[in-house]
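Notes follow once the structure below has been shown.
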């Protein structure tokens, strides 16, 4: 049946296609696999944050009964890394360790306990070096030696400086100029499932099952480090127990079990302990930020200068991209006619940071939203009024060349403002409300490694009424399998449950670049749409020929094609055309601007969110209790509103955790709390009610108009929380997490007549190069 | 086979009653119920998140009460009834809680789902119509990173309504 929206299954809140497997414990996650003769792998990791490795003696470990193989860095010397420009990791390090948890040696044994005991028996001689544990110390001359041998000066990894439009002129014309400094503490993904991988080596072919978000990037890294052709390696994404960006890099343990499986001829499995997951990390970068904005008397932004300093941890990971992202998306929510961005990432002796939900953009969003709130207060405006005056319009090119098409900022704002009653909020002691907006990519417009190939491909096979869709996309819990099934079902007049899926298997599925940057619905969805429409055309043509009808008149739906059933149609089409297969692919349009560094930021479409947080803050204890969150999200079109709501609610949850309690912090080179008990995350009783509004702007290029939902709604939450704390207590918490200690300290300063805030006082001196100056796009150019 | 049984660990023959089926196993005494369920009985529906009793993921029912299987030794529960997620549905018919989780999208990655379903079942068995606050309290020891908990609460409420 076609619904009022014109679709049969798109837009319906249908259950996930894999939901029964999930509620009955039958989804097979990587650690659930245990083929006969599986060996267990344990990894010896560095106890020092920074040290040279002088000697590794594995002889005692090798002699232990039950130990079948011990490998060290000498066995895996080739470096790898997610970005082509930062191939700086080794699966096992034999020269130098750079954080507590850096892998040094690995054991395969018949039992996990034997493998662990053998790791304990490996003797490593270190020359301990002075660790670098902060942005400030990374900028200074190292006491012993630099962490990495590239980048610089000192422990600087990357410096970026870009300028668009007449920034100095904009500031000169501004009637009001303000500067602020903010800090966003690092935090980690904390997926419920620990990373796990299992490898087998049979007939000269390596197969790896892994808890990864991107089978393709693991495939590439294995080929490089193991010096094997990609054709001899198969990577399969096992059922996935949560990623949030944390399983988007290729990891040491994936390479190690592969090497051990090749060496021993037996299946080898490695599942990280919870403590090791904290060291694998690749989580949210701690970012120190400075922002200066000039506005007109009416609050129109005339110029903005944004500086960021990212604490990257010990390796590159996605860090170069993360650095650009801290400066990229400010312009897709506000019309900024002149913009200068300077970013710096440093190496420190901590687990490497990388992409976490929102990748490099929640930190500057936090700073930007609060900074604009402060400007508004000085101008006697509400934050929301000033922001609305500067909202970007649909169908515009930003000053840094980002193409904005559909944009539901106005409607999102109106929805949360009306529902929350923000403008008429009650004034009582300790009660406050805060408002913030955000935007995020629907997939990065450029691939991690330069190539001209599609970003996603889908093949469809129809055989005796059975439909199978093949796609490399990895369902990490967000429901990408359900989105693929829904799109194919919609086009073929079936139900999602009718569609068989083969996904995330480099041997049997065509490429998809994986579940990161909120790209799957948009890109794999468009590929599926193309493949399904081609298949539909074949089926319709066969039915029309058989029944002597005009193909235009053949109605597709409810399991039928015109006068025949779908199954009969598939038989007619197979008789007419032979094997029924079709393919579709998606390549994003070339959107990058004409300047170096323009590859980070472009996306075929941007999602938009607006959020209001209502809370009570206790002036005595500093405790903040969030009462309710209203969030509106412009998803373009909700292909499955149940799944989209789940993404939005999960994003709000994670944003609240980052705003109020989550932090990956270190003391004397050690992680302060690498356990789920001490690393605080919100529980059932911490979560407030969340009211979600889905705004459908029907994007011109998204599949059925769909855009992303999994990351953007996190972004406005931390600034909305801190804006609400200000509304409640008259203090600015310019640093997340906004813990009770910080609230109490800010109140103490306020009582003493000092500036009523808690946050960093200054931004360090950084040797930024002269900015690359890029001409803004011509007015009216899209 | 090289060294397979080389380590000198004390082992016990134990009879476990899991999902109504009695199984005799020869087990090292220190092996946790979680490990025995997953590795020796291949009931891998029970998951692990920390193996330290912090996350609730490995929750199973022992005589109907939620227990963290990573902190239980099989010797402690011999003769008692263990229920895992594999024992929750009635054949192919889902338990009302499972059905509600399916319909309302309460499982995303699904990794915490078995533990939460069992904890919720224990709650509803003892308290058929709990308030939303009581559901939250009962499940507060189970972490979930995907859902923001809202759809889980909705699903437990729906199941309670249908079971009443």
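The range B:46-105 and the range A:452-516 have their alpha-carbon centroids 32 Å apart. For the range A:354-449, a/c is not less than 1.5, where a ≥ b ≥ c are the root eigenvalues of the C-alpha gyration tensor, and a/b tops b/c. That puts it in the prolate class.
Separation of the range A:651-705 and the range A:381-400, taken as the distance between their Cα centroids, equals 26 angstrom.
For the range A:59-131 versus the range A:202-279, the spacing of their alpha-carbon centroids is 16 Å.
What is the fewest-to-most order of A:696, B:54 by other Cβ atoms lying within 10 Å of their Cβ?
Values: A:696 21, B:54 18.
Arranged by neighbour count, lowest to highest, A:696, B:54 become B:54, A:696.
Label sites at residue A:28 and residue B:127, each approximated as a point 7 angstrom past Cα along Cα to Cβ, lie 4.0 nm apart. Under the simplified labelling scheme, the residue A:698-residue B:25 pair shows an inter-label distance of 5.7 nm, with each label point 7 Å from Cα along Cα→Cβ.
Can you list the residues of the range A:726-746 with backbone N under 20 Å from a point 7 Å past the Cα of residue A:665, pointing along Cα to Cβ? Only A:732-746 pass the distance filter. Using a simple spin-label model with pseudo-atoms 7 Å out from Cα toward Cβ, residue A:590 and residue A:453 lie 1.9 nm apart.
Calculate, for residue A:616 and residue A:74, the FRET efficiency according to 1/(1 + (r/R0)^6) with r their C-beta to C-beta distance and R0 56 Å; round to the nearest 0.05.
Details: r = 59 Å, r/R0 = 1.05.
The value I calculate is 0.40.
Using helices alone, what [θ] at 222 nm do you get for the protein assembly as shown, with -39,500 (n - 2.57) per DSSP H run of 4 or more residues, divided over all residues and rounded to the nearest 500? The helix-only estimate for the protein assembly as shown comes to -8000 deg cm²/dmol at 222 nm. Going from the residue with the fewest nearby Cβ atoms within 10 Å to the one with the most, A:439, A:196, A:231 rank A:231, A:196, A:439.
What FRET efficiency do you get for residue B:52 and residue A:410 if R0 is 35 Å and r is their Cβ-Cβ distance, rounded to the nearest 0.05?
Working: r = 48 Å, r/R0 = 1.38.
So the FRET efficiency works out to roughly 0.15.
Could you list A:397, B:129, A:284 in order of exposure, starting from the residue whose Cβ has the fewest other Cβ atoms within 10 Å?
Numbers: A:397 19, B:129 11, A:284 29.
Ascending Cβ contact count within 10 Å gives the list B:129, A:397, A:284.
Subtracting the Cα-Cα distance of residue A:143 and residue A:125 from their residue separation scaled by 0.36 nm leaves 4.4 nm.
Using only atoms on other chains, find how many Cβ atoms lie within 10 Å of each Cβ of peptide A:11-21 and report the average. Show your work: numbers first, answer last.
Details: counts 0, 0, 3, 2, 7, 5, 0, 2, 13, 8, 2.
Mean number of neighbouring Cβ atoms from other chains: 4.
Length gained on full extension, residue A:579 to residue A:502: 25.9 nm, using 0.36 nm per residue less the C-alpha separation. Between residue A:775 and residue A:552, the contour length at 0.36 nm per residue exceeds the alpha carbon distance by 75.4 nm. Shape of the protein assembly as shown from the C-alpha gyration tensor: rounded (a/c under 1.5, with a ≥ b ≥ c the square roots of its eigenvalues). Largest mean-square fluctuation among B:91, B:49, B:79, in a Gaussian network model of chain B whose springs join Cα atoms under 10 Å apart, belongs to B:91.
Identify the residues of the range A:291-308 with backbone N under 15 Å of a label point that sits 7 angstrom from the Cα of residue A:768 along the Cα-to-Cβ direction, or state none. Of the residues in the range A:291-308, A:291-294, A:303-308 have backbone N under 15 Å from the label point off residue A:768.
Determine the percent antiparallel among the DSSP beta bridges restricted to the protein assembly as shown, to the nearest 5. Counting only bridges with both partners in the protein assembly as shown, antiparallel ones make up about 75 percent.
Rounded, prolate or oblate: which one fits chain B, using the alpha carbon gyration tensor with axes a ≥ b ≥ c (rounded when a/c is under 1.5, else prolate when a/b beats b/c, else oblate)? Prolate is the answer for chain B, as a/c is 1.5 or above and a/b outweighs b/c.
Each value in this text was obtained by applying a stated rule to the coordinates, not by laboratory testing. Since the structure is predicted, the reported quantities are computational estimates derived from the model, not experimental observations. With ideal geometry, Cβ positions are generated from the backbone for all residues, glycine too; neighbour counts draw on all protein chains shown.
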